[in-house]
1. Answer yes if at least one residue in the stretch 108-131 is at pLDDT below 90, out of contact with any strand residue (DSSP E or B) (no Cβ under 6 Å at 6 or more places or on another chain), exposed (fewer than 13 other Cβ atoms within 10 Å of the Cβ) and of a type in the set (Lys, Arg), and no otherwise.
2. Out of the residues in the stretch 248-285 that are farther than 20 Å from residue 235 by Cβ and among the acidic types (Asp, Glu), which is surrounded by the fewest Cβ atoms within 10 Å (Cβ to Cβ)?
3. For residue 236, work out the one condition from (1) surrounded by 17 or more Cβ atoms within 10 Å (Cβ to Cβ); (2) more than 30 Å from residue 125 (Cα to Cα) it doesn't fulfil.
4. Scan the stretch 165-178 residue by residue and report those that are in contact with a helix residue (DSSP H, G or I) (Cβ under 6 Å, 6 or more places away or on another chain) and not small (Gly, Ala, Ser).
5. What are the residues in the stretch 5-26 that are part of a helix (DSSP H, G or I) and either touching a Ser or Thr at 6+ places or on another chain (Cβ under 6 Å) or under 20 Å from residue 202 (Cα atoms) (or both), if any?
6. Hey, any hits in the stretch 66-86 for a residue that's part of a helix (DSSP H, G or I), touching a residue at least 60 places away in the same chain (Cβ under 8 Å), hydroxyl-bearing (Ser, Thr, Tyr) and surrounded by 15 or more Cβ atoms within 10 Å (Cβ to Cβ)?
7. Please give the helices (runs of 4 or more DSSP H) falling wholly within the stretch 201-287 in which 1 or more residues are touching a Cys at 6+ places or on another chain (Cβ under 8 Å) and under 21 Å from residue 117 (Cα atoms).
8. What do you reckon, is residue 31 modelled with pLDDT under 90 and of a type in the set (Gly, Ala, Ser)?
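The values are calculated or read from the model by the stated rules, or taken from the named source; none is laboratory data. The model shown is predicted, which means the values in this text are computed figures rather than measured ones. In this analysis, Cβ positions are derived from the backbone assuming ideal geometry, glycine residues included, and neighbour counts consider all displayed protein chains.
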Amino acid sequence: MILLVGIAFALLCVFGGYMLHHGSMKVFVVAWTEYIIIGGGAVGIFVASNGMAVTKQAVAQVLELLKPDPFVDKAEYMKLLVMMYQLFSVARRDGLLGLEPHMEDPHKSTIISKNHSFLHHSHCNAFFCDTMKVVISGGVAPFDLAEMMDIDLESAKAEAHVVPEAIGSVGDAMPAVGICACVLGVVITMDQIGGDAKILGQSVAVALVGTFLGVFAAYFLVAPVARALSMRHRGEENYMLAMKHALFSFARGESPITCVEFARRQIEPSCRPGFSEMEKALKASKG
């Protein structure tokens, strides 16, 4: 939602300043054909460059930006730490086989089902549960397990960057699309030379609006969306890295509190729970 607030503020300042200089918004209404050129050109470039699969992903991910980001919330990280601590405690009390029901059907797990953000993020869920299944099955050394998790995380990171990079590349092309729209407007203007000066001036204004819209869309609309998606994926990466460090520590046979402390240290300081906060939450979870 903050994305919309930021873009709305930018629109208000740009067009508000323009109107304070006695600019007329009428030209932006008259130049409605420029929106077809700019918007249609951007969509065509995106689909032609990335295909329908990435286009569908882009639409879904942009809509996700309207929802709060769970991976910058200290409370969500606390839930993750408590969940992992409880699972590791089950393994210490009942053995690794005690974890099997929780990993086979996380939605029915009395521990995992309480963490809705984790449960409904398919990749986080699969990453944790699949890695735990490997640990339960045995036969994999801790450092081999760490390498396996790194491969998974790198694959997820590469996939996550596809949509932001695709949107960013379209943003880079938008000024050129605006120039194309302007050139077409100039062609129309040249065809009207010798006619009414007022109509000629309006035609020039419409052509310049094309250049403005291309640059404006690139830096005020497309670039913020691409950056917001990158930041959203960065939060997901940090969330999964915290799980990785806890799982690696668990595979080495460390105590549950040590495992979650490794995870806590991985969390960025801005949303990292303090040790005392975590300890208090873990004690409460025992109750």
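1. Yes: the stretch 108-131 contains one or more residues that are at pLDDT below 90, out of contact with any strand residue (DSSP E or B) (no Cβ under 6 Å at 6 or more places or on another chain), exposed (fewer than 13 other Cβ atoms within 10 Å of the Cβ) and of a type in the set (Lys, Arg).
2. Per the stated criteria, the residue is 279.
3. (2)
4. If the condition is that a residue be in contact with a helix residue (DSSP H, G or I) (Cβ under 6 Å, 6 or more places away or on another chain) and not small (Gly, Ala, Ser), then 167, 170, 174, 175, 177 are the ones that fit.
5. Once the filter is applied, which keeps residues that are part of a helix (DSSP H, G or I) and either touching a Ser or Thr at 6+ places or on another chain (Cβ under 6 Å) or under 20 Å from residue 202 (Cα atoms) (or both), the stretch 5-26 yields 15, 18, 19, 26.
6. Yes.
7. Once the helices (runs of 4 or more DSSP H) in the stretch 201-287 are filtered for at least 1 residues that are touching a Cys at 6+ places or on another chain (Cβ under 8 Å) and under 21 Å from residue 117 (Cα atoms), what remains is 223-251.
8. Yes.
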